[in-house]
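Presented below is the structure to which this report refers.
The values are calculated or read from the model by the stated rules, or taken from the named source; none is laboratory data. Predicted model only: the values in this text are computed from it and were never measured. Don't worry about glycine lacking a Cβ; one is built from the backbone with ideal geometry, like all the others, and counts go over all protein chains shown.
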């Protein structure tokens, strides 16, 4: 077990604590050895990540077959999977080659919403699982369980391994603009120091032209080695600084840009403006798959030992849905999980993850809030089938939600206060339950419907 997972339920209390308390507790925590903070699995995954970069195709196939078989055997113990596998006539105990895997049924987000508890492996008790909930990039709320002492240490090890491709070293100072809530007031503070990781957390909610000098001052004081930001936030910072003629008085080693689409043109612009290489990757809260740019290539490559990737049939534009199967999470394996994300494949590699363009809500004072930052990792969206934001005037946003069978109207107040904490006091939020949220002509869910004049 890892201390990180044990303390995870207290994370929000830590974030709400006064800065002196955060700094004292954070420094004490960071002084602990990584083996205690992240648990014994962390070192194993560190080694595995670095070694796997040199694996040949045969080594990859052997590893993936073994890891998939372990995941299938763990999944078969859960009532949901046992019934699905039997209906399809597949038996994990008879799994003998990767070619047989296509016979197993696909898993959807709707399956997770409706059957999550039946997907748990009964061999693990509640103390061995960690519940995570996310609105996701599609606006379909999904809850799931991670394997304590395994899933999050694995993620940490792999993130550090891939960031090292752009010069990151554990302990480096990092400035973060990724949705951390520094204040719910539109005129509140823009940053706080997270001593647990030696990171400066900057608000992506207060990034306006008027307050850009504050961001420059904070960054120049902290002097980070890396800027870890949503692509949309990094672009807003760069374009804003360019317009007012400001630059940072420091040299960055890299820009770490994940969680949103990043075009080749935007990456080139960021690298030119900041004078540092950009590193882009693809992952998701479910911890099923992870892909990252190479040391010299800007194409995305899936880590072979992280999870097993497949692709759906090409759509009208030639893009293919990413389908993943998790390794190592035997508490709740996800088998052939349809992520809802699409990849553009060129010459056998992923040239681009085709996600939504940058989507923003606009406040009454003109602040632009990236919907990526609104993603909720708690139970606010629990038991909802879909969430969609609608806006036709600055400062007023309607949150439309489609309730599932377990939804209770008494939870609306918690959803309202949780969303307003992120949006800020220059928003009016209206909650409205709808029988079905608006979809595109192709039947895909829309996270944002905006009628604002551009």
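Couple of notes before you dig in:
- Within the stretch 386-435, the residues that satisfy the criterion of being part of a helix (DSSP H, G or I) and over 19 Å from residue 188 (Cβ atoms) are 409, 410, 411, 412, 413, 414, 415, 416.
One line per residue, one yes/no per condition, for (1) touching a residue at least 60 places away in the same chain (Cβ under 8 Å); (2) surrounded by 19 or more Cβ atoms within 10 Å (Cβ to Cβ); (3) in a helix (DSSP H, G or I):
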| site | (1), (2), (3) |
| --- | --- |
| 21 | no, no, yes |
| 29 | yes, no, yes |
| 36 | no, no, yes |
| 41 | yes, yes, yes |
| 47 | no, no, yes |
| 59 | no, no, yes |
| 68 | yes, yes, yes |
| 73 | no, no, yes |
| 77 | no, no, no |
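- Selection within the stretch 326-356: residues that are outside any loop (DSSP other than H, G, I, E, B) and touching a helix residue (DSSP H, G or I) at 6+ places or on another chain (Cβ under 9 Å). The member of this set that is nearest to residue 155 (Cα to Cα) is 326.
- For the stretch 217-237, a residue qualifies if it is surrounded by fewer than 19 Cβ atoms within 10 Å (Cβ to Cβ), in contact (Cβ under 8 Å) with a residue 24 or more places away in the chain and assigned to a helix (DSSP H, G or I), and the qualifying residues are 218, 220, 222.
- Out of 143, 167, one residue alone is in contact with a strand residue (DSSP E or B) (Cβ under 9 Å, 6 or more places away or on another chain), surrounded by fewer than 20 Cβ atoms within 10 Å (Cβ to Cβ) and under 16 Å from residue 285 (Cβ atoms). It is 143.
- Residues of the stretch 90-113 include at least one that is at pLDDT 95 or above and part of a strand (DSSP E or B).
- Of all residues in the stretch 171-185, those being in a loop (DSSP other than H, G, I, E, B), over 18 Å from residue 367 (Cβ atoms) and without any contact (Cβ under 8 Å) to a residue 60 or more places away in the chain number 2.
- Counting residues in the stretch 295-302 that are more than 30 Å from residue 245 (Cα to Cα), in contact (Cβ under 8 Å) with a residue 60 or more places away in the chain and either touching a strand residue (DSSP E or B) at 6+ places or on another chain (Cβ under 7 Å) or crowded, with 21+ Cβ neighbours inside 10 Å (or both) gives zero.
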